[in-house]
Every structure is written in C-alpha cells, then in structure tokens.
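S.K.: One structure is given below, represented as structure tokens, and several questions about it will come after.
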Amino acid sequence: RRKWVKEQWMLKMLLVTRITTNNNWSAEPTINENFITTRPLRWKGRQRRKAKKDKRGGLLRQQFKDIREASPDSKAEILSQYADTKFLPQHVIRPQNKATVKGAQQQINSNNFMERLLCMISKKQLKKTGPHTRTSPRAIILCLSARRCVAVLKDLAPLRLRIAKLFPKQGTIEEQGRQLETNEFGIAVGTPHRVKELMERGSLSLKDTLLFGLDTFENDKSFSVYTLPDTTTHTQELLKNHVQPQCAISRKKENDLKVGFV
C-alpha cells in the first residue's frame, strides 16, 4: 500500500513538471498525454470506498440512529423511504401509557428486550391466543441472526409463553411450517429470510398479528437487522410485500397490525 501511494505521488510530481510548453512558462499550460496512466488515483479509491460504505448501509445507519426515540411521523417517513412504499403514522405502534413519561422513556431504552416489548404490547394481548392465531402469532420479531434470536428468547423466558423459533438452527422450514399450522403461539422470533419464506409458503400470515417488531440490536460492526447487507433485502421485501398491505387493511382499531422498533 505504501509503495503504491509513493508511486502515485511521484507520478503526480512528474505530471506537474510536464505542465509546460517548450519550457515557456508564460504559455498556456498543457498536460503531456504520454504520462497519463490508467492506474486509478487515490481520490478514485476514496470514491469507491465511500460508495461501498453507502451500499452497506452508511446512509441507513444515520437514518435509523436513535430510532426508538423518534416520533411516529419520523418512523413512518423512514420506513417509507426504506421499503419504497407508503407507511402512515398510524401504522407505527405507540408506547402504551405508563405512570410517568420518564418511566416510559426508561422502559423504551432498557437493555432488557422483554421490557421494551411490553412497552408496546401488553402481556394480556400476547396471551390472548386461540384457533384464530394459528399461522398468525400475536407478535413477530425480526432479529439480526440466529445467535441474536437465542439471546432474545432468553430475555422473553419470564413471560412463559409459547414462542415460535423461526430461524435455521431450529429445524427445517417444513417442520416449522407444520408447527405454525398446528399450534398457537403468542410470539414468533426469527430471521428475515426464514420469515419471508414461511410467508410465501402460506405457513405464516399477519391476519391476526398485532406487532411486527424490528429488533434494534447492533452487532460489533454496528449493523442491525435493517442495515446488514445480508438481511436488508429480505427485510425490505417483507415490509413492502406483506406488512404494508396488511397495515392498509381497515379493521377494528385495536386489532390493526403495527410496526415497532423494539
């Protein structure tokens, strides 16, 4: 790397010395084309690195920064730009009323996933399952990876609810589809690609789901489920092709599907 930079610097100096015409410094400067190289200069390398960073979610990271504390209007606007569709403020879930605003704010920013989830949907709503909730859990949570799904399951263990595990390390897609069709789950935790495949097969739906949650956890490289290149495409397709159409369906107000950043 250092050798290449040194060569580029020497090349620039060589070009500068050639910006003359017959050693007549009063004449208009011209560049000798014989010394133009096809090797990219440093500024082109910087451009490529910037484009690569933006492609990996550089702009998205700025938009989704502190997303949990943003207003519903801001969240709806960000989701609309992200999924290339139309989300309205009423499609975004609002924190439930707590004793004090300060207490609600502390619960939203808690390090415990269960506390943040219960700030958006009550335990009573999660337990209200029946035959109508088959293939449609009350809350669906999208996580960054299978390892993150396991960590979320540990945080949700005190709820003592049946939780569907929709990620590759918990059986094949056919087995998970049969479990959803024959059992009633209050919560489903999974990765975007597996959840999308189950929805396309018809084994998972959003008809009786109250919350479609996006996990706001960031890994060591500051990637989340909506900015990681491996999961961004599937998350966008889920929001555009499945979540937004279901949100747009007019039903009873208390049973509408909402999007939340947990």
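S.K.: I'd like to check something: does segment 124-140 contain any residue that is in a strand (DSSP E or B) and over 16 Å from Glu69 (Cα atoms)?
M.R.: There is at least one residue in segment 124-140 that is in a strand (DSSP E or B) and over 16 Å from Glu69 (Cα atoms).
S.K.: Might you let me know whether segment 165-175 holds any residue that is assigned to a strand (DSSP E or B), modelled with pLDDT of 90 or more and closer than 20 Å to Ile121 by Cα?
M.R.: yes
S.K.: Taking segment 67-92 as the region of interest, how many residues are outside any helix (DSSP H, G or I), modelled with pLDDT of 90 or more and open to solvent by less than 50 Å² (accessible area, probe 1.4 Å)?
M.R.: The number of residues fulfilling the criteria is 3.
Here's the yes/no breakdown for (1) part of a helix (DSSP H, G or I); (2) of a type in the set (D, E, K, R); (3) out of contact with any Gly (no Cβ under 7 Å at 6 or more places or on another chain):
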residue: Val189; (1), (2), (3): no, no, yes
residue: Met199; (1), (2), (3): yes, no, yes
residue: Thr216; (1), (2), (3): no, no, yes
residue: Asn219; (1), (2), (3): no, no, yes
residue: Cys247; (1), (2), (3): yes, no, yes
residue: Gly260; (1), (2), (3): no, no, no
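S.K.: Further, regarding this structure: Is there a residue being closer than 16 Å to Lys258 by Cβ and either at pLDDT 90 or above or open to solvent by less than 20 Å² (accessible area, probe 1.4 Å) (or both) anywhere in segment 141-155?
M.R.: Within segment 141-155, one or more residues are closer than 16 Å to Lys258 by Cβ and either at pLDDT 90 or above or open to solvent by less than 20 Å² (accessible area, probe 1.4 Å) (or both).
S.K.: Right, another one. Looking at (1) open to solvent by less than 30 Å² (accessible area, probe 1.4 Å); (2) farther than 23 Å from Ile93 by Cα; (3) not aliphatic (A, V, I, L, M), which is the one condition that is false for Thr182?
M.R.: (1)
S.K.: Same structure, new question: Could you please find all residues in segment 221-241 being outside any loop (DSSP other than H, G, I, E, B) and open to solvent by 10 Å² or more (accessible area, probe 1.4 Å)?
M.R.: Answer for segment 221-241, where residues must be outside any loop (DSSP other than H, G, I, E, B) and open to solvent by 10 Å² or more (accessible area, probe 1.4 Å): Pro229, Asp230, Thr231, Thr232, Thr233, His234, Gln236, Glu237, Lys240, Asn241.
S.K.: Just one of the numbered conditions (1) within 21 Å of Val243 (Cα to Cα); (2) open to solvent by less than 20 Å² (accessible area, probe 1.4 Å); (3) free of Cβ contacts under 8 Å to residues at least 60 places away in the same chain; (4) among the hydrophobic types (A, V, I, L, M, F, W, C) is not true of Ile163; which one?
M.R.: Answer for Ile163: the failing condition is (2).
S.K.: Condition (residue is hydroxyl-bearing (Ser, Thr, Tyr), open to solvent by 50 Å² or more (accessible area, probe 1.4 Å) and touching a residue at least 40 places away in the same chain (Cβ under 8 Å)) applied to segment 123-133: is it met by at least one residue?
M.R.: Yes - at least one qualifying residue is present in segment 123-133.
The values are calculated or read from the model by the stated rules, or taken from the named source; none is laboratory data. In this text, all values refer to a predicted model and were calculated from it rather than measured experimentally. Positions of Cβ are generated from backbone atoms using ideal geometry, with glycine treated the same way; all protein chains shown enter the neighbour counts. Just the protein is used for accessible areas: all its heavy atoms, side chains included, with ligands, DNA and RNA removed. Shrake-Rupley method; radii C 1.70, N 1.55, O 1.52, S 1.80 Å.
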